[in-house]
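Trainee: Got a structure for you, written out below as structure tokens; questions coming shortly.
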Amino acid sequence: MATTEDRLRRYRDKRDFSRTPEPGGEGAVPAPELPEGAGAGGAARFVVQRHRARRLHYDLRLEVDGVLVSFAVPKGPTLDPDVRRLAVRTEDHPMEYADFEGVIPAGEYGGGDVIVWDRGTWTPHDTHDPAAAIAAGELHADLRGDKLRGRFVLIRRGDRDAPGSQWLLLHKHDDDAVAGWDPEDHPRSVRSGRTNDEVADDPEWTWDSDAPADRAERRLHHRSAEDPELAALDELGRGGTWRFAGRDLRLTNLDKVLLPEDPARPDDAPVVTKRDLVRHHARVAPLLVRYLAGRAVNLRRYPDGLSKAGFWHKAAPAHAPDWLTRWRYPDAGRGETQEYLVADSEAAMPWLANFGAVELHPWTSCTAAHDRPTYALFDIDPGEDTTWEEVLVLARLHRTAFEHLGVAAFPKVTGSRGIQVWVPVEPRYTFDQTRDWVEGVSRAVGATVPELVSWEWGRSDRGGRARLDYTQNAVNRTLVAPYSVRARPGGPVSAPITWDELDDPGLRPDRWTVATIAERLDRVGDLFARVLEHRQRLPSLG
Ligand code: MN
């Protein structure tokens with residue numbers, strides 16, 4: 001009989017693992033989330049997912065020998081005993097997929113939106129070996145779900161048992177049969193109560209087919225304060241083992257103060273302990289992972305808090321757990337850091353916090369093509385005499401330039417004193433090209449307000465004026481990640497903003513902190529989400 005590994009091979013082969021060296025289907029499998037009243041006696045699970053891919057269909061999946069044996073039913077299963085439905089055998093899916101509801105990116109295998117249309121338990125009828133029954137071409141299954149109940153029969157047309165084989169699905173004339181029953185009359189998810197349209201409009205989860213199955217389901221939003229894993233963090237003493245995102249993390253000195261309060265606004269910017277930093281990294285981990293995955297990350301560490309000098313840390317530490325991804329920088333010179341961390345999982349984020357990494361600075365290029373940036377950076381770095389109003393003037397002038405050029409650009413406050421703008425690009429440019437382009441735009445902007453801008457390198461030569469720093473557009477030069485904390489009193493956070501917010505009189509570069517960022521995310525979501533999708537070519541500056 002085929003092993004679980006064999007059965008999943010075809011599923012994995014459908015997926016493109018070329019972008020990550022990590023093989024699929026590895027690692028510990030967390031206990032699946034069971035529907036009410038199911039699974040207690042070890043009963044096998046079933047799920048039906050309503051899936052709008054190229055065409056609408058219902059995926060009927062039955063747990064058999066540790067995998068989900070799957071059939072695509074274009075018109076959906078019905079309780080009507082007089083109706084026969086076509087069912088096409090599809091790839092076995094991993095058990096982790098049973099609870100998946102969300103969106104699969106366009107262009108990937110199964111791209112579209114998925115709801116958990118029904119789920120429950122099932123038992124084979126007249127056999128103890130459902131795999132053999134399926135191989136023989138006829139399975140009788142008693143389903144106990146919210147919508148589907150009673151005895152269903154799957155009968156293969158033809159001899160071959162393979163993906164693509166055609167089957168008939170029908171419901172027996174039994175007490176659960178309902179004449180005229182149409183699945184399209186019951187469109188809501190049994191997991192969330194939502195329809196496919198509602199999930200597509202505001203998905204909570206995505207399925208990352210590049211990742212191993214146990215970590216393929218990814219959140220699209222920050223975690224809520226009620227998240228049970230976050231509650232468990234608060235119950236830990238000064239340290240201990242904390243289970244988060246499928247990993248056991250050893251946390252230490254959780255009550256140590258890393259950042260003092262901001263005395264000007266202690267309510268919004270209170271003392272930040274290591275527990276607070278771990279909690280922040282955990283809450284925004286689903287967002288951080290977008291901006292850090294696939295890139296080396298440079299860390300600004302303050303293991304003893306702001307009272308001692310912080311330092312840059314680039315090398316992957318030898319004591320880091322095996323599950324943290326490393327990347328060897330092929331162009332590293334002698335004496336340079338050879339091996340970097342790549343924070344590509346939710347669990348990596350609180351691990352970094354426990355390591356004392358207050359600031360996270362990802363590379364602007366991906367490890368897969370480290371000499372090709374995926375965004376161009378604008379850093380509006382105020383001088384000593386630059387007022388916040390003047391930073392806003394410079395930012396608005398940049399906005400006008402991007403509008404004029406027809407370029408999508410995404411601003412964020414740094415959490416410190418300035419504003420940065422990320423301009424996503426196709427990964428086809430060299431750093432010299434993005435740096436020249438950024439310099440060209442910024443010099444054009446600066447020429448309109450020469451009294452505000454200096455092009456001198458040394459801080460003392462700038463006469464207190466702002467600097468438009470294009471030099472960060474270089475390999476291994478970085479700017480702070482969105483949602484990273486800054487090493488300043490009260491834990492201000494680098495927060496994406498809309499261009500319109502430049503005109504909000506309440507805007508400050510350090511407006512949002514570890515204590516207040518989640519409330520903002522509840523309202524506005526991740527304003528940087530399109531940075532990763534919106535690849536564009538840079539227009540000539542003429
Ligand atoms: Mn499907």
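The values are calculated or read from the model by the stated rules, or taken from the named source; none is laboratory data. Quick caveat, the model's predicted, so the values are computed rather than measured. Positions of Cβ are backbone-derived with ideal geometry, glycine not excepted, and every protein chain shown enters the neighbour counts.
Trainee: Contact list please: Cβ distance under 7 Å, first residue in region 491-507 and within 14 Å of residue 391 (Cβ to Cβ), second residue modelled with pLDDT under 95 and part of a loop (DSSP other than H, G, I, E, B), pairs at least six apart or on different chains.
Mentor: 497/527
Trainee: Can you tell me which residue among 284, 278 is in contact with a helix residue (DSSP H, G or I) (Cβ under 6 Å, 6 or more places away or on another chain), β-branched (Val, Ile, Thr) and buried (at least 23 other Cβ atoms within 10 Å of the Cβ)?
Mentor: 278
Trainee: Another question about this same structure. Could you go through region 310-318 and let me know if any residue there is within 26 Å of residue 219 (Cα to Cα), of a type outside the set (S, T, N, Q) and over 24 Å from the mean Cα position of the chain (by Cα).
Mentor: Scanning region 310-318 turns up no residue that is within 26 Å of residue 219 (Cα to Cα), of a type outside the set (S, T, N, Q) and over 24 Å from the mean Cα position of the chain (by Cα).
Trainee: May I pose another question? Mind checking which residues of region 147-160 are in contact (Cβ under 8 Å) with a residue 24 or more places away in the chain and loosely packed, with under 14 Cβ neighbours inside 10 Å?
Mentor: none
Trainee: Just the residues that are among the β-branched types (Val, Ile, Thr), surrounded by 20 or more Cβ atoms within 10 Å (Cβ to Cβ) and either in a helix (DSSP H, G or I) or touching an Asp or Glu at 6+ places or on another chain (Cβ under 8 Å) (or both), please, taken from region 439-470.
Mentor: Of everything in region 439-470, those that are among the β-branched types (Val, Ile, Thr), surrounded by 20 or more Cβ atoms within 10 Å (Cβ to Cβ) and either in a helix (DSSP H, G or I) or touching an Asp or Glu at 6+ places or on another chain (Cβ under 8 Å) (or both) turn out to be 441, 445.
Trainee: Within region 258-272, work out how many residues are within 28 Å of the chain's Cα centre (by Cα) and surrounded by fewer than 20 Cβ atoms within 10 Å (Cβ to Cβ).
Mentor: Residues that pass the stated criteria total 1.
Trainee: Taking the residues in region 100-114 that are of a type outside the set (Gly, Ala, Ser) and part of a loop (DSSP other than H, G, I, E, B) as candidates, determine which candidate is farthest from the ligand (Cβ to nearest atom).
Mentor: Across region 100-114, the extreme among qualifying residues is 105.
Trainee: Sticking with this one: Restricted to region 225-250, and to residues that are small (Gly, Ala, Ser) and modelled with pLDDT under 90, which residue is nearest to residue 287 (Cα to Cα)?
Mentor: Ranking the candidates gives 225 first.
Trainee: Got a number for residues in region 301-325 being out of contact with any Lys or Arg (no Cβ under 9 Å at 6 or more places or on another chain) and either under 30 Å from residue 204 (Cα atoms) or surrounded by 20 or more Cβ atoms within 10 Å (Cβ to Cβ) (or both)?
Mentor: Looking only at that region, the number is 3.
Trainee: Yes or no: region 48-64 includes at least one residue that is more than 28 Å from the chain's Cα centre (by Cα), of a type in the set (Asp, Glu) and more than 10 Å from the ligand (Cβ to nearest atom).
Mentor: No - not one qualifying residue is present in region 48-64.
Trainee: Further, regarding this structure: Return the residues of region 490-542 that are under 14 Å from residue 412 (Cα atoms) and of a type in the set (Lys, Arg); say none if nothing qualifies.
Mentor: 508, 511, 520, 530
A quick yes/no check of all residues on (1) among the charged types (D, E, K, R); (2) at pLDDT below 95; (3) not in a loop (DSSP other than H, G, I, E, B):
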position: 320; (1), (2), (3): no, no, no
position: 323; (1), (2), (3): no, no, no
position: 330; (1), (2), (3): no, no, no
position: 335; (1), (2), (3): no, yes, no
position: 341; (1), (2), (3): no, no, yes
position: 351; (1), (2), (3): no, no, yes
position: 358; (1), (2), (3): no, no, yes
position: 377; (1), (2), (3): no, no, yes
position: 383; (1), (2), (3): no, yes, no
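Trainee: Which of the numbered conditions does residue 194 fail, given that it passes all the others? Conditions: (1) within 30 Å of residue 219 (Cα to Cα); (2) surrounded by fewer than 19 Cβ atoms within 10 Å (Cβ to Cβ); (3) touching a residue at least 60 places away in the same chain (Cβ under 8 Å); (4) of a type in the set (D, E, K, R).
Mentor: (2)
Trainee: With farther than 24 Å from residue 488 by Cβ and either more than 21 Å from the chain's Cα centre (by Cα) or free of Cβ contacts under 8 Å to residues at least 12 places away in the same chain (or both) as the only criterion, which of 275, 238 stands out?
Mentor: Result of the check over 275, 238: 238.
Trainee: Which residue is farthest from the ligand (Cβ to nearest atom), if the candidates are limited to region 77-98 and must be crowded, with 19+ Cβ neighbours inside 10 Å and within 19 Å of residue 153 (Cβ to Cβ)?
Mentor: Only one residue tops the list, namely 79.
Trainee: Going by the structure shown, is residue 127 more than 16 Å from the ligand (Cβ to nearest atom), touching a residue at least 24 places away in the same chain (Cβ under 8 Å) and either assigned to a helix (DSSP H, G or I) or of a type outside the set (D, E, K, R) (or both)?
Mentor: No: the conditions fail for residue 127.
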